[in-house]
Amino acid sequence: MNKILKLKQVAGKPTNIEINERSLEEYRQEFAKKGLVITKKEEYPREDFYLVKKLKQFDALVDPPKGIKKVIQSMVRQPITEFDSKGKAIVKDALYYNGHYYGKDKRDNDIGAEFHEGSYKKPKLVFNLVDPDRFNTHLLKNRTQGFVIVKRYCSEHVPTP
């Protein structure tokens, strides 16, 4: 399967269920700030890419008149501290939860998909120049004038208040 086709697996809007695509959107925006465009699925966090892909497959296959069931398996309430313009700390509650969608397709087969709601990953791209003779890692690299530009991916797990 070619790279463009793999990226199209997470393109488009769902019609039957809600999908949390905020992590993927945050990665697109962070790449755009650095003047880059995501060209392959490996540039997204693997867990989030496959979760959205499976949810979009479920959305395409499910037959809404036969019913869609959303089962919440776990729920977490977490206090979040934010600061206002005067520097005063304000504590808010954030709620995130996990579960499964269940339904039937046109042939009456049972189908399902896992979901996560209420949080997302916020990426930070860091670029370093490294001497290629001392370079021994699995990070993405581009050769430039005898040096390697390394893109390091860090992500911060952010609950949505």
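The values are calculated or read from the model by the stated rules, or taken from the named source; none is laboratory data. Note that the structure is a prediction, hence the values are computed from the model and not measured. Using ideal geometry, Cβ is built from the backbone for each residue, glycine included, and neighbour counts are taken over all protein chains shown.
Could you list all residues from region 34-59 that are of a type in the set (A, V, I, L, M, F, W, C), more than 14 Å from ILE19 (Cα to Cα) and surrounded by 12 or more Cβ atoms within 10 Å (Cβ to Cβ)?
Selection gives LEU36, ILE38.
Criterion first (buried (at least 16 other Cβ atoms within 10 Å of the Cβ), among the hydroxyl-bearing types (Ser, Thr, Tyr) and either modelled with pLDDT of 90 or more or in a strand (DSSP E or B) (or both)) does TYR97 satisfy it?
no
Looking at region 106-124, which of the residues that are in a loop (DSSP other than H, G, I, E, B) and not polar (S, T, N, Q) is nearest to the chain's Cα centre (by Cα)?
Residue satisfying both the conditions and the ranking: GLY118.
Test GLU26 against the stated conditions and say whether it is assigned to a helix (DSSP H, G or I) and surrounded by 11 or more Cβ atoms within 10 Å (Cβ to Cβ).
Yes: the conditions hold for GLU26.
Name every residue in region 77-110 that is over 30 Å from GLY67 (Cα atoms) and basic (Lys, Arg), in order of residue number.
Within region 77-110, LYS86, LYS88, LYS92 meet the criteria.
Would it be correct to say that VAL62 is surrounded by 11 or more Cβ atoms within 10 Å (Cβ to Cβ), hydrophobic (A, V, I, L, M, F, W, C) and touching a Leu at 6+ places or on another chain (Cβ under 7 Å)?
In short, no.
Collect the residues in region 27-54 that are touching a Phe, Trp or Tyr at 6+ places or on another chain (Cβ under 6 Å) and either under 14 Å from GLY112 (Cβ atoms) or not aromatic (Phe, Trp, Tyr) (or both), keeping them in residue-number order.
Matches in region 27-54: ILE38, LYS41.
Given the conditions (1) more than 23 Å from the chain's Cα centre (by Cα); (2) assigned to a loop (DSSP other than H, G, I, E, B), and given that GLY103 satisfies all but one, which numbered condition is not satisfied?
Going through the list (1) more than 23 Å from the chain's Cα centre (by Cα); (2) assigned to a loop (DSSP other than H, G, I, E, B), GLY103 breaks only (2).
Which residues, counting only those in region 75-93, are exposed (fewer than 10 other Cβ atoms within 10 Å of the Cβ), assigned to a strand (DSSP E or B) and of a type outside the set (Val, Ile, Thr)?
Within region 75-93, PHE83, ALA89 meet the criteria.
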